[in-house]
Amino acid sequence: MSRPELKALKALIEDHAPARARKSVGTLSVGGGLTLHAGEGIEVLGPARRAWMTAFLRQHPALRAAWVQGEANRLCPPALEQQGVALSRILFFERLSPGEGIELALQLLRSALFGAIIFDGMALPFAGREAQMRKLQLGAEDGGALLFFLSDRSQSSFGIRVRMEAEGADAVEFTRVKGGTLT
Amino acid sequence: MKHGTQEWWCLDLGSSSEITVQDFERLLESLLRFTPDLVPGNKRVFLEMSRIPVRPRPDHFLKRVQVLARRIGLDASSWRYGIADTIPKAWVQTRWRALEARLLPVEAYFDYIDPLHHFECNRPERERLACFRSLGMKNLEYLFTVPKTAWLVRFGEEFDTFLEHFEFGDRFVWKTWKPSETLSEETRWNAEEWVSDAEGLLFRLKPLVDRLCSRLYSIGRAIRKLELVLKLDRPVPDRKIELGFAFPQTSRPLLLKLLREKLSHEMSRHPLSDPIVEARIEIRETERRPAGTARFSFSAEEERSEEERERWIELISYLGSKYGESSDGETPRAFQAELTEHALPERAWKKTWYAEPELVSSSANPVKRIEPARPIVLLQHPETLNRTGPWLRRKSGAFEERYRICSFQQEERIEGYEWDVEDTGGFERTYFRVSVESPQGKPEEWWVYRDELLGKLMLHGLY
């Protein structure tokens, strides 16, 4: 097949493919504002990553969230409540392996009830990471959710749209922003 | 007549449970949300699911049914399900759980003959079974070792029916259940509880309206006209109040609002002379509710939230069974947090799991503001710190890391007596919020307490 034919075929497919409407789920108000769309991955590093996450949940009171932790729970729920996050909208999971975490996340995303899935201290295995991320991304796109990865070490993945270093609930430094104009 | 492969899901309600006709009807109404093709039987329901575009997972289906049954007041913990392409097979699969039909016990013979009603054998049937057993037949496989004509000669039409249902289950004839055109809910009151005004009456009628709206949602209909019948504690004709709607209604708040207006008007014109002993709401005129049209947009929001609530309950039930409480005594890996009254910060909350939590609403969850702010991360086992001048030493593995103190600010003092904290004894802690700089030069904020009884400095949380 020649190049013009391929181009014509591509245009034909694009014309007939159903448009995927990107659902806006939230905004990052730090640094001038960035609209976040369903299916996007946000990686939060730094010592204040959980504080930043709490502040984000407070800013978006309609989001229902699942906080998936790799190790035993270290979060202090009274602090979340104190910060203005209603505990009734958060499901906590602890001591889950990455495989279990991904399976659970896909299950939660299929229900389309959650606006945020937070992986806390759960490093995705290097082998097959991109495939897992893609699965999660597609699930989150359909379920209208955002994916947050809280970690002390960065995980390189194409699915991460925003990467930030949190040194305080409202003091973050963006190290990667794809398709945005955050400064 | 249906074409193509069918998929029958049989829901077995168990032989021991007693279900009234009214409750069974309500259950059937609830099951209409899965499929319009329902076939009721004796303590069992068959659902034809092949035409449903997005079928639930069978275990999710059972969880959801259990939630729906609980709303009606039924215990569905022992209910089971089975799936097959015909009704007789679905029932046999549910009851006997056999993978190979020919290996089923010979008792299944009667289940094939009458899958809708058979449960226990009557006397002639027991005699038939005894006859089979006397011939050395333990399971259905043996029936086929004898030529069919021999059985047909002996048992005639009965064996013919068995063969039809066993080999060609799709020839089984069934009648699909249709919900009643009239919905009615009633309640009885003690005559001593005098209700004289519209507000009091409406308060008592609210559960009836809730139940009716829930049933209307299940059967996909909207109200055109309702009649409220009040029976008074005196041999006089019942008081009847009719309420018609210009547009078919499904919205609970709107119905209550219209009912309030009507009752206020009626009560002001004709006050009640005697106490009410019985109230009944009847809905005779309903209309099919086409979802998603502008005319019904006022109820779309409520419909969505009802669906969302059901999905939430289904998910919570499923996750609870998978990650929640386990029989081996392992602590649950999934939980919701509930605040408790306890002096110790680490015990100021507990793990819990709600079967039916309320939907998220910021107004429904008033946030408690306790000052000063607690840290987001709380260490399960506080770590001992050593202070030397402007440095705090924290143990990290075999080494000690040195953190430079930037600020040291007292936050609160918490104490408890032995009788407050039975297992750990009394405690006296002074908490500080400490800003430190890590060896790598990064700022951190710690929640540190000084144990006044032991005189130790402990790291308890991280902001």
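The values are calculated or read from the model by the stated rules, or taken from the named source; none is laboratory data. Source: prediction; values computed, not measured. Here Cβ is always computed from backbone atoms with ideal geometry, including for glycine, and neighbour counts include all displayed protein chains. Just so you know, the surface numbers come from the protein's heavy atoms only, side chains and all, with ligands and any DNA or RNA stripped out. Shrake-Rupley method; radii C 1.70, N 1.55, O 1.52, S 1.80 Å.
Summed over the stretch B:48-75, residues that are open to solvent by less than 70 Å² (accessible area, probe 1.4 Å) and in contact with a helix residue (DSSP H, G or I) (Cβ under 8 Å, 6 or more places away or on another chain) total 13. Being farther than 30 Å from A:Glu100 by Cα, modelled with pLDDT of 80 or more and surrounded by fewer than 16 Cβ atoms within 10 Å (Cβ to Cβ) holds for only one residue in B:Ser268, B:Ser297, and it is B:Ser268.
Once the stretch A:103-124 is narrowed to residues that are in contact with a Gly (Cβ under 8 Å, 6 or more places away or on another chain) and more than 14 Å from every other protein chain (Cβ to nearest Cβ), the residue that is modelled with the highest pLDDT is A:Phe119. When every residue of the stretch A:72-91 is checked against the conditions, none turns out to be more than 7 Å from chain B (Cβ to nearest Cβ), small (Gly, Ala, Ser) and within 22 Å of A:Gln155 (Cβ to Cβ).
Out of the stretch B:238-282, which residues are in contact with a helix residue (DSSP H, G or I) (Cβ under 9 Å, 6 or more places away or on another chain) and either among the aliphatic types (A, V, I, L, M) or not assigned by TED's automatic domain parsing to the domain that holds B:Ser196 (or both)? Across the stretch B:238-282, the qualifying residues are B:Ile241, B:Leu243, B:Leu254, B:Leu255, B:Leu256, B:Leu259, B:Leu263, B:Met267, B:Leu272, B:Ile276, B:Ala279, B:Ile281. For the stretch B:140-187, give me each residue that is in contact with a Lys or Arg (Cβ under 9 Å, 6 or more places away or on another chain), over 30 Å from B:Glu282 (Cβ atoms) and in a loop (DSSP other than H, G, I, E, B). Within the stretch B:140-187, B:Phe144 is the sole residue that qualifies. Contact map, the stretch B:322-342: residues that are facing chain A (nearest Cβ under 10 Å) and closer than 25 Å to A:Gln82 by Cα paired with residues that are open to solvent by 80 Å² or more (accessible area, probe 1.4 Å) and at pLDDT 80 or above, Cβ distance under 6 Å, separation 6+ or inter-chain. Pairs shown: B:Phe335/B:Lys351; B:Glu338/B:Lys350; B:Thr340/B:Lys350. If we scan the stretch A:94-102, do we find a residue that is closer than 17 Å to A:Leu146 by Cα and more than 7 Å from chain B (Cβ to nearest Cβ)? Yes, the stretch A:94-102 has at least one match. Filtering the stretch B:1-46 to residues that are at pLDDT below 85 and among the basic types (Lys, Arg) leaves B:Lys2, B:Arg33. Among the residues in the stretch B:117-127, are any open to solvent by less than 80 Å² (accessible area, probe 1.4 Å), within 21 Å of B:Leu38 (Cα to Cα), at pLDDT 85 or above and in the same structural domain as B:Asp59 (by TED's automatic domain parsing)? No, the stretch B:117-127 has no match at all.
Checked against (1) surrounded by 15 or more Cβ atoms within 10 Å (Cβ to Cβ); (2) part of a loop (DSSP other than H, G, I, E, B); (3) within 32 Å of the chain's Cα centre (by Cα), B:Ser78 passes all but a single condition, namely (1). On the basis of being surrounded by fewer than 22 Cβ atoms within 10 Å (Cβ to Cβ), more than 7 Å from every other protein chain (Cβ to nearest Cβ) and within 27 Å of B:Ser435 (Cβ to Cβ), does A:Glu43 make the cut? No. Restricting the first member to the stretch B:440-463 and to residues that are within 10 Å of chain A (Cβ to nearest Cβ), and the second to residues that are part of a loop (DSSP other than H, G, I, E, B), the beta-carbon pairs closer than 6 Å and six or more apart or on different chains are B:Glu444/A:Pro47; B:Glu444/B:Ser438; B:Glu445/B:Tyr463; B:Trp447/B:Pro375; B:Gly461/B:Pro375; B:Leu462/B:Pro375; B:Tyr463/B:Pro375. Within the stretch A:56-71, if we keep just the residues that are surrounded by fewer than 17 Cβ atoms within 10 Å (Cβ to Cβ) and either at the interface with another protein chain (Cβ under 8 Å from one of its Cβ atoms) or among the basic types (Lys, Arg) (or both), the residue that is farthest from B:Leu378 (Cα to Cα) turns out to be A:Ala62.
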